[in-house]
């Protein structure tokens, strides 16, 4: 048993003494799978459990949840607000988190990858930490599948594959018969979208001449001799193709993209390790782990994280139907968000680039839109991107993203966002390559100036 599992066992022994437990988790795919893992494990050993998913654990949220029960587990959040928790919580609690540990007060009942030299932004997600605890508590290796979904939803794929401790969890999921992994074309929509629309709607990456060009996609498939209908006229998905047609498709796509300026290294980025859940329907958006994570994100980002938790715990009735409806709404919100940024452009400062969507883009998806703009090539990779939108009448949500190359050059968005936010009366947290903040309305310009100076200093700019 490794060191992190030993600490998980000690915390599990503590939790076994609790009569009832409230699980407080983040509202994105990583937080939703964290909650589902913990609730499932706790109920399997006979515990009375309630759960709640929150956007962020700001001081006012702590006030709202602290009287919900007699003991608490905070998952995929909490470490950034440990001082608030210590000051405001009256009930016992443990924290299972993977975000950057801020300087300041320590807490003994914390399970965190950084304590064991594990990178929480790339090697172990919130769902992964929750799984390590849940396995120590209940012995259930089948819950590893949800941890894989959480890691992928938390954008922890490195060169299109899970790495570090995430691979140990992947191994558990495979051994439990819940996941199989293989190398293949790794475009989004390979399972649930009709084959032509896998290309039409591809934004990560943008495929020149094919993305958003339906007629060109059909011309490409026809010229390549790739079937996209079966004998009954039903449109096929990528996963319906034979192995031979898949190889042919990649060859033809490679030749097409090479003729449009791609190099061989970029072509190889189209391939990756893909993960499928063995218990799900072959054409369901729950079959492919990336699509599963997007569905859970849709639930959380549009105000219904509890629906995502129910789906992750196995509901395939009314909650799943509602999740599909939320997914359609989510896709439309992202499309509108990307269109807004494309139409209005990015503002360039010395060391950051940003957009402010005001109330056009929901605050809950501004970070996803920022990531899509970044990965599409619309934004420069030489600077972090910052997205902002109104969260409510008093606050602005801020999300920032940086490339691995910028992080290697010294960028730490978690520290930069925290430093800038605290100077304007806000709060922040996250990882080096991705972080978020909530700041007062009207403080945006000052926040951006301070953030720009901090990032410039991190990059050694004069």
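The values are calculated or read from the model by the stated rules, or taken from the named source; none is laboratory data. Given the structure is predicted, the values throughout are model-derived calculations rather than measurements. All Cβ positions, even for glycine, are placed from backbone atoms using ideal geometry, and neighbour counts span all protein chains on display.
If you go through the range 169-206, how many residues are surrounded by fewer than 16 Cβ atoms within 10 Å (Cβ to Cβ) and under 23 Å from residue 33 (Cβ atoms)?
Going through the range 169-206 one residue at a time, the tally reaches 7.
Scan the range 449-462 residue by residue and report those that are surrounded by fewer than 20 Cβ atoms within 10 Å (Cβ to Cβ) and at pLDDT 95 or above.
449, 450, 453, 456, 457
So which of 217, 206 ends up being assigned by TED's automatic domain parsing to the domain that holds residue 324, in contact with a helix residue (DSSP H, G or I) (Cβ under 9 Å, 6 or more places away or on another chain) and at pLDDT 95 or above?
217
Tally up the residues in the range 123-145 that are out of contact with any helix residue (DSSP H, G or I) (no Cβ under 7 Å at 6 or more places or on another chain) and touching a residue at least 24 places away in the same chain (Cβ under 8 Å), please.
1
Among the residues of the range 210-232, is there at least one that is within 19 Å of residue 254 (Cβ to Cβ) and in a strand (DSSP E or B)?
No, the range 210-232 has no match at all.
Enumerate the helices (runs of 4 or more DSSP H) found wholly within the range 332-448, keeping only those where 3 or more residues are crowded, with 24+ Cβ neighbours inside 10 Å.
The qualifying helices (runs of 4 or more DSSP H) are 366-376, 413-423.
When the range 169-185 is examined, which residues are found to be within 17 Å of residue 282 (Cα to Cα) and in a loop (DSSP other than H, G, I, E, B)?
Within the range 169-185, 177, 178 meet the criteria.
Quick one: would you say residue 306 is touching a strand residue (DSSP E or B) at 6+ places or on another chain (Cβ under 8 Å), over 13 Å from residue 195 (Cβ atoms), outside the structural domain of residue 163 (by TED's automatic domain parsing) and assigned to a helix (DSSP H, G or I)?
It is true that residue 306 is touching a strand residue (DSSP E or B) at 6+ places or on another chain (Cβ under 8 Å), over 13 Å from residue 195 (Cβ atoms), outside the structural domain of residue 163 (by TED's automatic domain parsing) and assigned to a helix (DSSP H, G or I).
Considering (1) modelled with pLDDT of 90 or more; (2) in the same structural domain as residue 433 (by TED's automatic domain parsing); (3) touching a helix residue (DSSP H, G or I) at 6+ places or on another chain (Cβ under 6 Å), say which one residue 323 fails and leave the rest.
Answer for residue 323: the failing condition is (2).
Restricting to the range 342-377, name every residue that is under 21 Å from the mean Cα position of the chain (by Cα) and more than 23 Å from residue 394 (Cα to Cα).
Within the range 342-377, 371, 372, 373, 374, 375, 376, 377 meet the criteria.
Give the range 199-235 a look and list any residue that's over 29 Å from residue 377 (Cα atoms) and in contact with a strand residue (DSSP E or B) (Cβ under 8 Å, 6 or more places away or on another chain), or say none.
229, 235
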